[in-house]
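Data first, discussion second: the structure below is written as structure tokens.
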């Protein structure tokens with residue numbers, strides 16, 4: 001059985017995550033990594049930007065993957081993201097929202113594979 005990037009050797013688990021990003025993972029090298037990295041920075045500064053709201057939506061899984069998500073609770077991040085997109089362009093808010101969520105999911109899946 002072939003192992004994925006960063007996977008275990010001879011049945012040993014991959015290296016544990018110790019603060020910062022998971023080992024051997026540059027988030028900007030993954031699809032959507034630019035948004036996630038900006039969102040993490042914005043959340044840390046208390047800025048409610050589109051990337052920050054996207055990270056707030058994905059925070060539970062991103063934390064499980066070892067990403068340092070600031071402990072800032074955002075109430076209803078899905079709705080707030082949609083409202084922010086609608087304020088910019090109401091005609092494209094729905095498709096833009098779906099595209100951003102797809103990028104987040106793609107990032108999470110790629111990060112999960114890279115962390116194995």
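Bear in mind these aren't lab numbers, they're just calculated from the coordinates by the rules spelled out. Everything numeric here is computed off the predicted structure, so don't read it as measured data. So basically every Cβ, Gly included, is an ideal-geometry build from the backbone, and we count neighbours across all protein chains shown.
From the convex hull of the Cα coordinates of the range 27-114, what is the mean projected area in square nanometres? It would help to have the intermediate numbers written out before the result.
Working: hull surface 20.6 nm².
Reported value for the Cα convex hull: 5.1 nm².
Take the Cα of residue 45, go 7 Å toward its beta carbon, and the backbone nitrogen atoms of the range 64-82 under 16 Å from that spot belong to 70.
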